[in-house]
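Since the structure comes first, as structure tokens, the remarks are kept for the end.
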Amino acid sequence: MSRVIVVTSGKGGVGKTTTSAAFSTGLALRGYKTVVIDFDVGLRNLDLIMGCERRVVYDFVNVVKQESNLNQALIKDKRVENLFVLPASQTRDKDALTQEGVGHVIAELKKNFDYIVCDSPAGIEHGAQMAMYYADEALVVTNPEVSSVRDSDRIIGLLASKTWRAEKNEDPVQEHLLITRYAPERVDTGDMLSADDIQEILAIPFLGAIPESDSVLQASNAGIPITLDESSNAGQAYHDIVARFLGEDRQQRFLTAEKKGLIARLFGG
């Protein structure tokens, strides 16, 4: 049965698009036919992180407006079997997406895909509400700082009240917490909220934390989803998160600072 997953957060710059690319790639690597949709109309970035920007001919809005069909707009990833991208438009505004039009596209995708990952724009306005409306599950992405967590709390409220499932009194959207740019050393010094603090505030199931890592920026600039860099801590963390999402029991990693050895402590290493 096909599942629609929205990657969402009220605050911008927390890593939603990076997460959408990494998570969808991780699902596809597990053998699930997966499509990731860029809902950030006007500020298209997903195709850059997925490394397919030069292959965009038609986009999500073209399909919604019936100016092209899905087969023309979908971009098949060249590196990962079963992975496809539906890019956003750079020339339209977010009002170009209609609830009816988005619903039609989602219904068509459900015929052929196991997972449909919706990369939400920042904020709580039209584009973000379109991205979450048809969701079955949500990855709520937050940074370990107060304003980001507060904005995520607002998003959780919208998931409970402004989705198709809420309006039809169906089972609620299944929410999952994902913390990005986590630095245990800064948690220990009190400069950053801990994972336990964030879980206590938001009170939704915790999938895991992505450690702060230069490799994420490097991968994004190279157009490579970080899940394909299994040598990086961030790439490993996203693989763990995909595994937990699929019901596997994976021990949490990257939540505590590494203990320094005697030599490192003596010489400040």
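The values are calculated or read from the model by the stated rules, or taken from the named source; none is laboratory data. Keep in mind that what you see is a predicted model, and the values were worked out from it rather than measured. As a convention, Cβ positions derive from the backbone with ideal geometry for all residues, glycine included, and neighbour counts pool all protein chains shown. What goes into the accessible areas is simple: the full protein's heavy atoms, side chains included, and nothing from ligands, DNA or RNA. Shrake-Rupley method; radii C 1.70, N 1.55, O 1.52, S 1.80 Å.
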One residue from Ala203, Ala209 being open to solvent by 40 Å² or more (accessible area, probe 1.4 Å) and modelled with pLDDT of 95 or more
Ala203
Scanning the range 154-171 residue by residue, the ones that are open to solvent by 70 Å² or more (accessible area, probe 1.4 Å) and small (Gly, Ala, Ser) total 1
Out of the residues in the range 45-57 that are open to solvent by 30 Å² or more (accessible area, probe 1.4 Å), assigned to a loop (DSSP other than H, G, I, E, B) and of a type outside the set (Val, Ile, Thr), which is nearest to Thr98 (Cα to Cα)?
Asn45
Unique match (being farther than 19 Å from Ala21 by Cα and either outside any helix (DSSP H, G or I) or open to solvent by 60 Å² or more (accessible area, probe 1.4 Å) (or both)) among Asp151, Asp191:
Asp191
Output the number of residues of the range 94-140 satisfying the condition of being open to solvent by 10 Å² or more (accessible area, probe 1.4 Å), outside any helix (DSSP H, G or I) and hydrophobic (A, V, I, L, M, F, W, C).
3
Qualifying residue in the range 58-65 (condition: out of contact with any Gly (no Cβ under 8 Å at 6 or more places or on another chain), without any contact (Cβ under 8 Å) to a residue 40 or more places away in the chain, open to solvent by 10 Å² or more (accessible area, probe 1.4 Å) and among the hydroxyl-bearing types (Ser, Thr, Tyr))
yes
For residues that are part of a loop (DSSP other than H, G, I, E, B) and modelled with pLDDT of 95 or more, tally how many sit in the range 230-249.
5
Can you name the number of the only condition in (1) open to solvent by less than 70 Å² (accessible area, probe 1.4 Å); (2) modelled with pLDDT under 95; (3) in a loop (DSSP other than H, G, I, E, B) that Glu258 fails?
(1)
When only residues in the range 174-186 that are open to solvent by 30 Å² or more (accessible area, probe 1.4 Å) and more than 21 Å from the chain's Cα centre (by Cα) count, which is nearest to Gly157 (Cα to Cα)?
Arg186
Out of the residues in the range 66-86 that are charged (D, E, K, R) and either part of a loop (DSSP other than H, G, I, E, B) or open to solvent by less than 10 Å² (accessible area, probe 1.4 Å) (or both), state the one that is farthest from Thr34 (Cα to Cα).
Glu67
Against the definition (out of contact with any Phe, Trp or Tyr (no Cβ under 8 Å at 6 or more places or on another chain), open to solvent by less than 70 Å² (accessible area, probe 1.4 Å), modelled with pLDDT under 95 and not aliphatic (A, V, I, L, M)), how does Gly42 come out, yes or no?
yes
What's the number of the only condition in (1) modelled with pLDDT of 95 or more; (2) outside any strand (DSSP E or B) that Ile5 fails to meet?
(2)
